[in-house]
């Protein structure tokens with residue numbers, strides 16, 4: 001298991017880092033590809049739990065959200081979203097079986113907002129001044145926290161962190177992971193963002209790490225609701241795409257909010 005995680009990480013890091021470095025449409029294609037894979041996993045999770053979200057409608061909304069983030073001045077989403085909501089709610093009216101229609105409609109929108117809405121923040125963060133360095137801070141701090149929490153929790157974990165949602169997570173792992181992720185974030189901010197004060201670097205790193213932990217638990221909650229262990233099996237040692245990006249889905253928006261609300 002550990003070897004597979006290391007190999008998968010060694011392959012994934014350059015696949016993600018290179019498009020992120022160059023940005024623009026290369027980064028957009030990366031985020032879109034991740035979104036499509038994650039959307040398939042979310043849809044499969046819901047179907048495994050007995051629900052039937054509309055896969056096509058969900059994909060359309062995800063694309064709209066990402067395109068709107070990539071081209072914010074075109075107002076594509078603001079012009080299309082009302083029509084999209086009307087069409088998706090009108091679509092079940094013509095179905096032969098109306099059982100669970102409203103729940104499935106809500107899950108279609110929820111899945112698209114969870115995946116497309118949060119991944120869109122990756123694009124918005126990247127476009128800021130120092131956006132690449134802020135994105136790297138969010139990624140490095142989150143990955144360090146996740147990895148440290150996994151190894152420390154596996155070896156020393158005794159006290160359950162959230163037994164109702166994720167029974168294997170421990171306080172030992174969470175505290176060690178949080179401290180390691182925060183330290184990496186602070187060191188990166190000091191080295192790569194010289195215009196950022198130590199206080200801002202410390203607060204931003206703490207916010208990113210805590211948000212990442214909440215994101216991890218949020219995805220665990222989704223899986224527990226449908227009695228699933230992993231979101232998929234695409235990434236050896238990690239599970240599915242959602243299992244790999246769950247923390248980042250909360251960490252990147254947290255970094256963006258801090259950058260927009262506080263640093264500007």
Between residue 262 and residue 230, the two model label points (7 Å from Cα along the beta-carbon direction) sit apart by a distance in nm of 3.6 nm
The relative contact order of the chain, taking Cα pairs under 8 Å that sit 6 or more residues apart, comes to a percentage of 22 percent
On the formula 1/(1 + (r/R0)^6), with r taken between the Cβ atoms of residue 102 and residue 36 and R0 of 35 Å, the FRET efficiency rounded to 0.05 is 0.85
If one compares the long axis through the Cα atoms of helix 131-156 with the longest principal axis of the Cα atoms of the chain, the angle in degrees, nearest 10, works out at 80 degrees
Placing each pseudo-label 7 Å from Cα in the direction of the beta carbon, residue 158 and residue 203 end up separated by a distance in nanometres of 3.7 nm
So for region 2-263, using the alpha carbon gyration tensor with a ≥ b ≥ c as root eigenvalues (a/c under 1.5 gives rounded; past that, a/b versus b/c decides prolate or oblate), I'd call it oblate
With the 8 Å Cα cutoff and a minimum separation of six or more residues, region 74-229 has a relative contact order in percent of 18 percent
Gyration tensor on Cα atoms of region 73-158, a ≥ b ≥ c root eigenvalues, a/c under 1.5 rounded, else prolate if a/b beats b/c, else oblate, says oblate
Nearest 10, in degrees from 0 to 90: the angle of helix 171-192 to the longest Cα principal axis of the chain is 80 degrees
Under the helix-only model (-39500 (n - 2.57) for each DSSP H run of 4 or more, divided by the residues of the chain), the mean residue ellipticity at 222 nm, to 500 deg cm²/dmol, is -25000 deg cm²/dmol
To the nearest 10 degrees, the tilt of helix 76-90 (Cα long axis) against the first principal axis of the alpha carbons of the chain is 50 degrees
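Values in this text are rule-based calculations from the coordinates and carry no lab data. Remember, predicted model here, so these are calculated numbers, not experimental data. Neighbour counts are summed over all protein chains in view; Cβ atoms, including those assigned to glycine, are modelled from backbone coordinates with ideal geometry.
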